[in-house]
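Every number here is computed from the coordinates shown, using simple stated rules; none is lab data. Everything quoted here is computed from the prediction, not taken from an experiment. Cβ placement follows ideal geometry from the backbone for every residue including glycine, while neighbour counts extend to all protein chains displayed.
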Amino acid sequence: MSISVRDATSDDAEAIARLCAQLGYPVESRIVPGRLARLESDPNARSLVAEAASAVAGLATVHLRFTLNHEAPIAQLTLLVVDEAHRTHGVGRALVNAAEEWSRSRGAKRFVVTTALRRADAHAFYERLEFKHTGRRYGKDFS
Ligand SMILES: CC(C)(COP(=O)(O)OP(=O)(O)OC[C@H]1O[C@@H](n2cnc3c(N)ncnc32)[C@H](O)[C@@H]1OP(=O)(O)O)[C@@H](O)C(=O)NCCC(=O)NCCS
């Protein structure tokens with residue numbers, strides 16, 4: 001299957017909404033362009049979609065964070081989801097590779113991702129892509 005990765009645009013709003021819903025974060029497609037615009041205006045963020053067979057098959061976002069304790073920015077994969085109909089055909093790998101390539105080109109020396117404990121499939125996927133399990137994530141929802 002031929003897979004290409006490109007920047008997401010507002011024309012992808014419906015596909016992005018569908019993919020966010022598959023990840024467990026439903027959003028109306030009319031809301032998506034505003035969210036995309038926020039990321040587009042951030043030079044340290046990028047939104048990517050993967051196309052397979054002329055359809056949007058996956059979505060990823062990546063952010064660069066500058067910190068006081070590291071000279072180089074740290075890249076974080078902040079969203080990754082592949083359409084249920086296109087999984088295990090290399091789409092996720094293509095998106096991660098594109099995000100990594102951009103992060104390296106911007107000077108990052110480290111690439112991180114956090115993933116929920118319940119996402120066992122994602123854990124296996126990241127380990128297959130040579131990410132090491134090095135920490136825990138703690139979270140708190142503001143009420
Ligand atoms: C996790 C996810 C992004 C993987 O995408 P994908 O397109 O199916 O993965 P790929 O086909 O690119 O797989 C890349 C490698 O990982 C392996 N892999 C993928 N899913 C796997 C799984 N569940 N168990 C074991 N290995 C897996 C593949 O076999 C492949 O290995 P290979 O290249 O040596 O053959 C996709 O399953 C998904 O969207 N899951 C639901 C959302 C999610 O969990 N997102 C991550 C949130 S942090």
Kindly indicate the residue of the range 111-126 that is closer than 24 Å to Asn44 by Cα and outside any loop (DSSP other than H, G, I, E, B) and also nearest to the ligand (Cβ to nearest atom) among those meeting that condition. Val113
Within the range 57-78, the residues that are crowded, with 21+ Cβ neighbours inside 10 Å and either hydrophobic (A, V, I, L, M, F, W, C) or part of a loop (DSSP other than H, G, I, E, B) (or both) are Ala57, Leu59, Ala60, Val62, Ala75, Leu77
Which residues, taken from the range 69-92, are under 23 Å from Ser2 (Cα atoms) and among the charged types (D, E, K, R)? Asp83, Glu84, Arg87
Go through the residues of the range 91-110 one by one and say whether even a single one is within 8 Å of the ligand (Cβ to nearest atom), touching a Gly at 6+ places or on another chain (Cβ under 9 Å) and not hydrophobic (A, V, I, L, M, F, W, C). yes
Consider the range 2-31. How many of its residues are surrounded by fewer than 15 Cβ atoms within 10 Å (Cβ to Cβ), in contact (Cβ under 8 Å) with a residue 24 or more places away in the chain and either farther than 15 Å from His86 by Cβ or among the acidic types (Asp, Glu) (or both)? 4
Return the residues of the range 54-89 that are more than 20 Å from Asp12 (Cβ to Cβ) and either of a type in the set (Asp, Glu) or within 12 Å of the ligand (Cβ to nearest atom) (or both); say none if nothing qualifies. Glu71, Gln76, Thr88
